[in-house]
Amino acid sequence: HPVLTHNRAMDKPRTKQEIIKEQDSVGGSILHIHKQVDGWSLKKKSHYNRRITGRTPIPFQSGYKIMGSRKALGTLANCAGGTTPWNTVLTCEENYDIFYGDVSFRNRERKFIEREKELAWYKHSPLPPEHYGWVVEINPYNGKAIKRNALGRFAHEGAAVVLSQRKYPVVYMGEDRTNGFIFKFVSNKRNSLESGTLYAADTINGRWLALDLKKNKKLQKHFRTQTEVLTYAHLAGEILGATPQDRPEDIEIHPETSDIYVALTKNPRKKNYNGSILKIQEANNHFDSPSFKSTTWKNGGKKEGFACPDNFVFDNKGNLWLTVDMSEKDIKRGRHDGLGNNGLFYIPMKGSYAGQAFQVASAPVDAEFTGPCFSPDYKTLFLSVQHPGASTKDPKYPTSRWPNKKGLPKSSVVTISGSALSFLTKGWDIQTVSHFQPKGWWAKSLQTALHFQPKDY
């Protein structure tokens, strides 16, 4: 957010030095934390602590050349990712176009598309958009990062990794754009994302469409190399007949049933303003299957108590925890009136209240919760508070002052723990609690829940 980053109104063009500051502020941090008696804290002198920014050189895999270069400058627009069975982190480059513009690739002709109303870094740093929109694999122990070309390039959000029956990794990914696609990558190597086949989902017919140039004449009419297919993966999926979705975001896999849950945030073009949750069931529960069934598991809206599902995590008993992302201009207005700020929701998957959403926490003004993640013992839930005060126009009057009640707002990571969280993650049927009331009980008993009030933050 330029206003908050530079602490000035955007009444004058940003300078090159300000653009460099923005490049240094994006990307991600690797932090070494440990649990103490009074909670989690940072090990400040740990050699694991490091930054990977929008100016960190990151190679493409296997010596790939993208737009004439084997390296990209930095990672940015990072959204929901995942972890691998071999303990690396996957971070997904999402809205790269607001930084470096975009390109169209039709009839084998490349045309640059400006994004004048966005951050437009290309005016000072004209790097190719094709260097962004990838999944970046990072070794958290040494900071080594690599852009995984085999997983395709698009507005990535979510990279849920699971092993097939042959023990090969399979990665489910969403393309977070209106009418974006759902993708699946099936590796042909164990403990590696180096090579394999990328598929786009045809949810109408229940088929995974292989984005393989050698095996598909339709693709051969539009692309010269497999690298082009992967670089312009959305176009390849469109050519093969992949099904446009309502902004696919995070994807998670149920630990007991192996069902795949996809957050579809919304699609105003189809007059879907509340989004839904899609459930995919692979044929025979084989993650590398070429066919599947899909159904709408739950629609968002006032009746369900939430709108615009975004990020998921399952607890150790298979209950779903959900964060939502209503845009700042829609919160508490129009179709979303009565839903409050963005929040964190708990959805039990078994028992008398199975499938019902209960709100656990409410985000600060203009913020969204992202990246819910449990500690290994499931006694702590980590939660990111992303872009509080995002609609601020004048730094003298920010719309939020989270987390310090003074000064400019800052994105943060918080933890939720305590007896009420333990009660939920143990999977006990909440109906067995005689004093349970869907609203009042939460406010009184979930002592560690976060309920930020607009007047405070």
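The values are calculated or read from the model by the stated rules, or taken from the named source; none is laboratory data. Predicted model only: the values in this text are computed from it and were never measured. With ideal geometry, Cβ positions are generated from the backbone for all residues, glycine too; neighbour counts draw on all protein chains shown. What goes into the accessible areas is simple: the full protein's heavy atoms, side chains included, and nothing from ligands, DNA or RNA. Shrake-Rupley method; radii C 1.70, N 1.55, O 1.52, S 1.80 Å.
Tabulated values for the structure
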| quantity | calculated |
| --- | --- |
| Under the Karplus curve 6.51 cos²θ - 1.76 cosθ + 1.60, θ = phi - 60°, whole-Hz ³J(HN,Hα) for the range 206-220, x wherever Gly or Pro sits | x, 10, 9, 9, 6, 8, 10, 4, 5, 9, 9, 5, 4, 6, 5 |
| Compactness index (Cα Rg / 2.2 N^0.38 Å), the range 126-251 | 1.03 |
| Protection proxy ranking, peptides 407-418, 251-262, average beta carbon neighbours within 10 Å, highest first | 251-262, 407-418 |
| Entries in Lys21/Lys410; Lys317/Lys350; Lys71/Lys221; Lys167/Lys189 that, when Cα-Cα distance is taken, lie over 19 Å | Lys71/Lys221 |
| Residue-by-residue Karplus 3J(HN,Hα) for the range 167-180, coefficients 6.51, -1.76, 1.60, Hz, glycine and proline x | 6, 9, x, 10, 10, 9, 9, x, 10, 7, 8, 4, 6, x |
| 9 Å beta-carbon shell around Asn267, net charge (K/R +1, D/E -1) | +4 |
| Two-decimal ratio, the range 155-212, of alpha-carbon radius of gyration to 2.2 N^0.38 Å | 1.13 |
| Cβ crowding within 10 Å averaged over residues, with 116-128, 298-310 ranked highest first | 298-310, 116-128 |
| Qualifying lysines (Cα of each under 23 Å from Cα of Lys271; at least 8 residues distant if same chain) | Lys279, Lys298, Lys302, Lys303, Lys329, Lys332 |
| Interchain or long-range residues, amide H under 5 Å from Leu211's placed H | Leu198, Tyr199, Ala200 |
| Which listed pairs, of Lys184/Lys215; Lys12/Lys393; Lys35/Lys147; Lys44/Lys144; Lys12/Lys123, have C-alpha distances above 22 Å, in listed order | Lys35/Lys147 |
| The chain - accessible surface per residue (Å², probe 1.4 Å) | 47 Å² |
| Low-density loop positions, trypsin sites (Lys or Arg not before Pro), the range 1-88 - DSSP coil, at most 11 other Cβ in 10 Å | Lys44, Lys45, Lys65 |
| Relative contact order for the range 1-151, counting Cα pairs under 8 Å that sit 6 or more residues apart, in percent | 20 percent |
| 5 angstrom amide H check on Gly241, placed H, neighbours 5+ away | none |
| Residue-wise HN-Hα coupling along the range 327-336, computed from phi with Karplus coefficients 6.51, -1.76, 1.60 (Hz; x: Gly, Pro) | 5, 4, 6, 9, 4, 6, 10, x, 5, 9 |
| Shape metrics for the chain, restricted to C-alpha atoms - Rg then Dmax, Å | 21.8, 66 |
| Surface share of carbon and sulfur [accessible, 1.4 angstrom probe, percent] for the range 224-278 | 48 percent |
| Rule-of-thumb Rg ratio for the range 236-276 [Cα; 2.2 N^0.38 Å; N residues] | 1.40 |
| 5 Å binning of all Cα-Cα separations within the range 39-186, expressed as whole percents from 0 upward | 2, 9, 16, 21, 20, 15, 9, 6, 2, 1, 0, 0 |
| Nonlocal amide H pairs with Ala72, under 5 Å, H built at 1.01 Å | Ile58, Phe60 |
| Accessible area of the range 60-118 belonging to carbon and sulfur atoms, whole % at 1.4 Å probe | 44 percent |
